[in-house]
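Just below is one structure, and these are the notes that go with it.
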Amino acid sequence: MFRKLVHFVEEENLFYRDEKILVAVSGGIDSVVLLHLLKQMEIDCAIAHCNFHLRGDESDGDLEFVRDLAEQYGIPFYSKDFDTKEYAAENKQSIEMAARELRYEWFEQLRELLSYQYIAVGHHADDVAETVLINLVRGTGIHGLTGIKSKLGKIIRPLLPFTRMELEAYAKENNLLYREDSTNKETDFVRNKIRHHIIPVLEEINPSIRKTMTENVARFREVEQIYNDVIEENRLHLVFQRDDQLMISIHRLQELPSPSSHLFEILSPFGFHHRDVKMIAKSLDSISGKRFFSSTHQLLRDRKYLILSNLEEVDQNMYEIEEADCETDIPIEMEASFINRTPDFKFPTSPKIACFDANKLKFPLLIRKWKEGDQFRPIGMKGTKKVSDYFIDKKFSLSDKESTWLLCSGERIMWIVGHRMDDRFKITDKTTKIYRLELK
């Protein structure tokens, strides 16, 4: 088993013999065996132990056991207490997820503080099989079928080639003591349900299910590499940067055999999930203007592009109309056109239609909400009027005010949309070209 470990470390390029490693030791068999093997390799180690206070006296017993283990090996020992239940409640997470976040965040802080190169954790082959099954049950892409990576950033997992049975045999052969976690026998957690109920049934069908799953994962990783290569190659033709925005070509995306897969790989780093991508993919054949949100970003379905912006840089109440735009769908649906002024031109009487002297406009036009201090010159008047006073005169309710949009050319208001135009942009006898907008 020692030789197998050395071979795996070299093959996966996990670490060098002269590097310092922080070992996460819970006191269970996997972390105890991991620590013993690393010491057999004469690696400079320190122990990090988390007390999540989830099992009362048993948790405190684990702490003392691991502390004694560190003294036995003569290596540094570090521990930290967590109020896991409170953290889970505050962050609306499961206990499992909360404990995972807490320990990995602390491990990394400790690693940096102590100038250790890596954090070693005790995941083994059985964990890989369980993780793949959990991902399948919850729903996954190709990444979820590749199990647990042997090296991810500063996290290394030297025990992945070994099954639980191999660890037990090694512990027995080397007279290693370890702690049994009583919660491992409970089936309240998803992983334990898989371990105690699903895996045994699969073993009846295939006694070598763990080995088979490991081989499957190896094949899935090769497929994932091919998949990633294709995605990256197509990304070069799909995506480009414009200022602080990411532009995704809709036309080129639709030409691909699997637009949803490409979309997911492009958007998932920005917080978009599979269900979001499914809705975005459906919008490709619809009208422009639809918007989709993650916790950090906005995706706008424009006519030719999907435009990704950081929410901090998006003014939710400001939108642009370019000179070439024939229609706009956000925040209101309008049709736009340029027409030549003719002798028989008739001024529209509908409040849904506005016509402006095109030569007086400065593009892009801006649609926004009103703000305190806004003024305009109502058509037919010589002086200016506060927009807020106009609202009062017209007896706008609070809801009316909040739902009203202003169309602006530069800093000047052109139109209180659907209500009143500004006199400075009106059509005169000198007008030769008209910009016409119609609310739909």
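Taken together, the values in this text are just the output of simple stated rules run on the coordinates, not laboratory data. No experiment lies behind these values; they were computed from the predicted model shown. Note that each Cβ is placed from the backbone with ideal geometry, even for glycine, and that neighbours are counted across all protein chains shown.
One table, with the values for the structure above:
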| quantity | calculated |
| --- | --- |
| Net dipole in debye of region 2-206 [+1 Lys, Arg Cβ; -1 Asp, Glu Cβ; about Cα centre; nearest 20] | 520 |
| Contour minus Cα-Cα distance for residue 19 and residue 109 (0.36 nm per residue) | 30.6 nm |
| Ascending count of other beta-carbon atoms within 10 Å, so fewest first, for 115, 261 | 115, 261 |
| P(r) tail fraction, region 2-206 - alpha-carbon pairs more than 20 Å apart, % | 60 |
| Percentage relative contact order, region 243-304, counting C-alpha pairs under 8 Å, at least six apart | 28 |
| Cut-off 12 Å, label 7 Å out along Cα→Cβ of residue 428, residues of region 377-401 by amide N | none |
| Beta bridges by DSSP in the chain, antiparallel share as percent, to the nearest 5 | 75 |
| Within the chain, longest stretch free of exposed GluC sites (Glu not before Pro) [DSSP loop, at most 16 other beta carbons within 10 Å] | 43-179 |
| Student exercise, the chain dipole from Lys, Arg, Asp, Glu Cβ charges, in Debye to nearest 20 | 2420 |
| Least to most buried among 107, 2 (fewest other Cβ within 10 Å first) | 2, 107 |
| Förster radius 45 Å - calculated FRET efficiency between residue 255 and residue 371, Cβ distance, rounded to 0.05 | 0.55 |
| Whole-Hz ³J(HN,Hα) from phi, Karplus 6.51 cos²θ - 1.76 cosθ + 1.60, for region 388-401, glycine and proline x | 4, 5, 4, 4, 5, 4, 8, 6, 5, 6, 4, 5, 4, 4 |
| Least to most buried among 25, 387 (fewest other Cβ within 10 Å first) | 387, 25 |
| Whole-Hz couplings from phi, Karplus 6.51/-1.76/1.60, listed for region 362-376; x for Gly and Pro | 10, 8, x, 6, 10, 9, 8, 7, 6, 9, 4, x, 4, 10, 8 |
| If the convex hull is drawn through the Cα atoms of region 155-214, its volume per residue in Å³ | 129 |
| Relative contact order of the chain, defined on C-alpha pairs under 8 angstrom at six or more residues apart (%) | 11 |
| Distance histogram in 5 Å bins (all Cα pairs of region 136-283, percent per bin) | 2, 7, 11, 15, 16, 13, 11, 9, 7, 5, 3, 2, 0, 0 |
| Dipole axis of the chain (+1 Lys, Arg; -1 Asp, Glu on Cβ), positive-most option in 76, 122, 144 | 144 |
| Whole-angstrom gap from region 58-99 to region 175-252, using each part's C-alpha centre | 26 |
| Residue (of 363, 375, 328) at the positive-pole extreme of region 318-439, dipole from beta-carbon charges | 375 |
| Sequence-separation-based contact order of region 318-439, relative, with Cα cut under 8 Å and 6+ spacing, percent | 39 |
| Between 0 and 90°, nearest 10: helix 164-173 axis offset from the chain longest Cα axis | 30 |
| Listed residues 132, 8, 214: farthest to the positive end of the dipole of the chain (Cβ charges) | 132 |
